[in-house]
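Before any comments, here is the structure.
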There are 2 protein chains.
Amino acid sequence: MELLLLSNSSSDAGYLVHAQAAIRELADGRKTACFIPFAGVTRDWDTYETLVRDAFAPTGIAVQSLHRLAEPAEAARAIDAAELIVVGGGNTFRLLQCLRERGLLAAIAAQVRSGAARYIGWSAGANLACPTISTTNDMPVADPGGLDALALVPFQINPHYFNLVVPGFRGETRDQRLAEFTVLKPEMPVLGLPEGNWLRISNDRIEMGGAHAARWFKGADITDVQPGALSLPR
Amino acid sequence: MELLLLSNSSSDAGYLVHAQAAIRELADGRKTACFIPFAGVTRDWDTYETLVRDAFAPTGIAVQSLHRLAEPAEAARAIDAAELIVVGGGNTFRLLQCLRERGLLAAIAAQVRSGAARYIGWSAGANLACPTISTTNDMPVADPGGLDALALVPFQINPHYFNLVVPGFRGETRDQRLAEFTVLKPEMPVLGLPEGNWLRISNDRIEMGGAHAARWFKGADITDVQPGALSLPR
């Protein structure tokens, strides 16, 4: 099982530019990608396909968006034939709702677990690879019919991670929000993955790329970790 | 139907201190409150009851927390007998999960709609009074079994509202998150209620208290409104 899970898509250099080398390495010569645009809400799916197609062009990977296939059976066949599955960011609830409604979650998980397809996801697409979407930052603008997701990795990711205290804001900080999760699910590790970082997962091996430290949360324990090989907190 | 919906609980003056005059006015002589602490996650429910009891002490209202009644039937009777229902903030998903699991949502809605009880809620407790919890800022750390809520008011509230752009954060701003909601539900108005503000709702009349402007979102329309009488955006 081969995955590339990115915290975010955009940077000062442009859309997915910071990720190009990692995408090339993950693709390892594969030339076609099945793109899942369903997290797009304010960005419509046609526009999203074009954006990702252009961003992937320098890697030589041709991108085809799944929303072009209106029939669920046709979409399921596209998943079963995919060599790269690319899941874009946006709203995680909407992404999960669209995939559940179309009955595609099991097909995606099976295709990646078997090694037939490799998986690239950023932001909502990284959340989707986790056991649940419970550590998304997104607003629940759509009902996903349950929070369980692909469970391709045995831990949770919190993308766009930072723990800034915003002046005048009396809601929870990010660490306080994640502490709510770890109180309710003390056995499940959560990785706070900062902007610009990514995870390269090869079966049980986890390698973090990017410039910043990340933070593991498990129960009441918090551990900061540097880029490089990561192991799950015990 | 009489409601007091606050954006937040804490201020530099102390817990709920900014809300005391509004709580007194809403209570209008009622001396007992049924407190719903279920949004508390990192704060345990016993501690939460004490916090709210102390905060309500100057108003002369005695607070009893619903979590003391372990039997659902007993809890339902407490709702049916309540003259004030007070719903505290914390995690909106956990709040809705606990109330749905205990089968108490319909009883609370009926008691407030009939006028038998008045309703006070802050943060998650304000979200709960809306048609759904889709405009909460909280992390989905628990599965609420659906997003529909009490529907005591015909619009959505986004508490702790601000639209700050956090330096280095490449996720969505608050307005971008709310735009995702209004794209999917263009007919449903959302009020961005800033820290320190509250709504006093008396049947169809909405009065906003506090020092700050708030923001209505409906479809693609955005309107800033000052404290005082509010009407729903057309």
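The values are calculated or read from the model by the stated rules, or taken from the named source; none is laboratory data. Just so it is clear, the model here is predicted, and its values are computed rather than measured. All Cβ positions, even for glycine, are placed from backbone atoms using ideal geometry, and neighbour counts span all protein chains on display. Accessible surface is based on the protein model in full, side chains and every heavy atom, while ligands, DNA and RNA are left aside. Shrake-Rupley method; radii C 1.70, N 1.55, O 1.52, S 1.80 Å.
The table that follows gives values for the structure above.
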read-out: Among (1) closer than 26 Å to A:Asn91 by Cα; (2) out of contact with any Gly (no Cβ under 6 Å at 6 or more places or on another chain); (3) more than 10 Å from chain A (Cβ to nearest Cβ), the one test that B:Leu104 misses; value: (1)
read-out: Cross-chain or 6+ apart pairs with Cβ under 9 Å, segment B:180-194 first and facing chain A (nearest Cβ under 10 Å), then polar (S, T, N, Q) and surrounded by fewer than 19 Cβ atoms within 10 Å (Cβ to Cβ); value: B:Glu180/A:Thr42; B:Val183/A:Thr42
read-out: Output for segment A:90-103, where each listed residue is open to solvent by 10 Å² or more (accessible area, probe 1.4 Å) and either part of a loop (DSSP other than H, G, I, E, B) or at pLDDT below 95 (or both); value: A:Gly90, A:Arg102, A:Gly103
read-out: Segment B:44-72, subset hydrophobic (A, V, I, L, M, F, W, C) and assigned to a helix (DSSP H, G or I), residue farthest from B:His18 (Cα to Cα); value: B:Leu66
read-out: Segment B:98-117 residues that are under 21 Å from B:Gly40 (Cβ atoms), paired with ones that are open to solvent by 40 Å² or more (accessible area, probe 1.4 Å) and part of a helix (DSSP H, G or I) (beta carbon under 7 Å, 6 or more apart); value: B:Arg102/B:Pro72; B:Gly103/B:Pro72; B:Ala107/B:Asp80
read-out: Test: residue in segment A:126-143 that is out of contact with any Leu (no Cβ under 8 Å at 6 or more places or on another chain) and charged (D, E, K, R); value: yes
read-out: Filtered residues of segment A:6-29 (kept if farther than 26 Å from B:Ala179 by Cα, surrounded by 18 or more Cβ atoms within 10 Å (Cβ to Cβ) and modelled with pLDDT of 95 or more); value: A:Ala22, A:Ile23, A:Leu26, A:Ala27
read-out: Top-ranked residue of segment A:69-81 - restricted to ones that are open to solvent by 10 Å² or more (accessible area, probe 1.4 Å) and in contact with a helix residue (DSSP H, G or I) (Cβ under 8 Å, 6 or more places away or on another chain), ranked as farthest from A:Met1 (Cα to Cα); value: A:Leu69
read-out: B:Thr32 at pLDDT 95 or above and more than 30 Å from B:Pro154 (Cβ to Cβ); value: no
read-out: Segment B:200-234: number of residues that are crowded, with 19+ Cβ neighbours inside 10 Å and under 19 Å from B:Ser134 (Cα atoms); value: 4
read-out: Which listed residue, of B:Phe169, B:Phe217, B:Phe181, is modelled with pLDDT under 95 and on the phi < 0 side of the Ramachandran plot; value: B:Phe169
read-out: Subset of segment A:2-39 [touching a strand residue (DSSP E or B) at 6+ places or on another chain (Cβ under 7 Å) and among the aliphatic types (A, V, I, L, M)]; value: A:Leu3, A:Leu4, A:Leu5, A:Leu6, A:Ala19, A:Ala22, A:Ile23, A:Leu26, A:Ala27, A:Ala33, A:Ile36
read-out: Odd one out for A:Val41, checked against (1) more than 20 Å from A:Ala149 (Cα to Cα); (2) not in a helix (DSSP H, G or I); value: (1)
read-out: Condition check for A:Ala39: closer than 24 Å to A:Phe162 by Cα, of a type outside the set (Lys, Arg) and in contact (Cβ under 8 Å) with a residue 24 or more places away in the chain; value: yes
read-out: Boolean, B:Ser123 is of a type in the set (S, T, N, Q), farther than 11 Å from B:Phe35 by Cβ and open to solvent by 20 Å² or more (accessible area, probe 1.4 Å); value: no
read-out: Enumeration of residues in segment B:10-36 that are touching a residue at least 12 places away in the same chain (Cβ under 8 Å), part of a loop (DSSP other than H, G, I, E, B) and under 26 Å from B:Ala110 (Cβ atoms); value: B:Asp28, B:Arg30, B:Lys31
read-out: Selection from segment B:73-89 of residues that are closer than 22 Å to B:Gly29 by Cα, not charged (D, E, K, R) and not in a helix (DSSP H, G or I); value: B:Ala82, B:Leu84, B:Ile85, B:Val86, B:Val87, B:Gly88
read-out: Filter pass, A:Arg68 being at pLDDT 95 or above and over 24 Å from A:Asn197 (Cα atoms); value: yes
read-out: Which numbered condition B:Leu150 misses (of (1) open to solvent by less than 70 Å² (accessible area, probe 1.4 Å); (2) within 14 Å of another protein chain (Cβ to nearest Cβ)); value: (2)
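Conditions tested, residue by residue: (1) facing chain B (nearest Cβ under 8 Å); (2) within 21 Å of A:Arg215 (Cβ to Cβ).
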position	(1), (2)
A:Ala73	no, no
A:Leu84	no, no
A:Ala110	no, no
A:Ala124	no, yes
A:Thr135	yes, yes
A:Pro144	no, no
